[in-house]
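To keep things clear, I will list the structure first and then write my remarks on it.
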Amino acid sequence: MRPFFSVIMCTYNRADLLPRAIASLQAQTETDWELIVVDDASTDATLHLVSASAAADTRIRYVRREVNGGTAAARNTGMSVAQGLFLTFLDSDDAYAPDHLATRKQMLLDHSEIHLLHGGVLVIGDPWVIDKDDPSRRVHIDDCVVGGTFVIRADVAAHLGPFQEGIYADDAHYFERACAANIVIAQTDHRSYHYYRNVPGQQTSTHAS
């Protein structure tokens, strides 16, 4: 039986924060998920930590990339092995509120026409980010698309293709491609994705759409 959600967690040298992210997923009221941790060539204790979590919870899988390629490359790796009906994301320095997956699932069941659901960010820390179209200015995250919140039907994701690697604001670029493909996109304002912007040297950043 395919899980409803494949949660793809990209990480690079975040062994200190991984337990919080994984615990927030295991605390979900919705339990029909698999977690794919994509280790983007970490040099810390990530392998040991995730292996221990996977031994205790069969819903967790570990995939390692031997060369660090960045968030888009890691997400593409996770998407290529995901088995869920819907693909979604949780960055290793972020966390879900306990009802995050349950509320998304209910929206998707109530509105089966939705192909891509996004939004619902609670920012913890600095809410201002660089505008991808004008690097001289900063915009509020509420005016951005945040890739971590994407929930996309697996068959639609296969049609859209991978995140573009090696570019700035790959999540915004992916969203623009989705819009151009005329798929059904919905946004939620339920702020259950906890986006931590108070961690030095964060793995990911968010950009204006």
(Q) If R₀ is 22 angstrom, what is the calculated FRET efficiency for the pair residue 107 and residue 142, using the beta carbon separation as r and rounding to 0.05? (A) 0.70
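As an exercise, use a Förster radius of 25 Å and the Cβ-Cβ distance of residue 67 and residue 177 to find the FRET efficiency, rounded to the nearest 0.05.
0.50
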Q.
Check which residues have an amide H placed less than 5 Å from residue 124's amide H, if you skip close sequence neighbours.
A. 195, 196, 197
Q.
With 10 angstrom as the radius, rank 141, 124 by how many other C-beta atoms surround their C-beta, starting from the fewest.
A. 124, 141
Q.
For a Förster distance of 25 Å, can you work out the FRET efficiency between the beta-carbons of residue 167 and residue 56, rounded to the nearest 0.05?
A. 0.10
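I need 34, 165, 113 ordered by Cβ neighbour count within 10 Å, fewest first. Please list the in-between numbers first.
Numbers: 34 19, 165 14, 113 8.
Going from sparsest to densest Cβ surroundings: 113, 165, 34.
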(Q) If I model a spin label at residue 16 and residue 189 as a point 7 Å from the Cα along the Cα→Cβ vector, what separation in nanometres do I get? (A) 3.7 nm
Q.
Skipping prolines and chain starts, which residues have an amide H placed within reach, meaning under 5 Å, of the one on residue 93, given they are 5 or more residues away or on another chain?
A. none
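Each value in this text was obtained by applying a stated rule to the coordinates, not by laboratory testing. What you are looking at is a predicted structure, and each value in this text was computed from that prediction instead of being measured. Cβ atoms come from the backbone with ideal geometry, glycine included; neighbour counts cover every protein chain shown.
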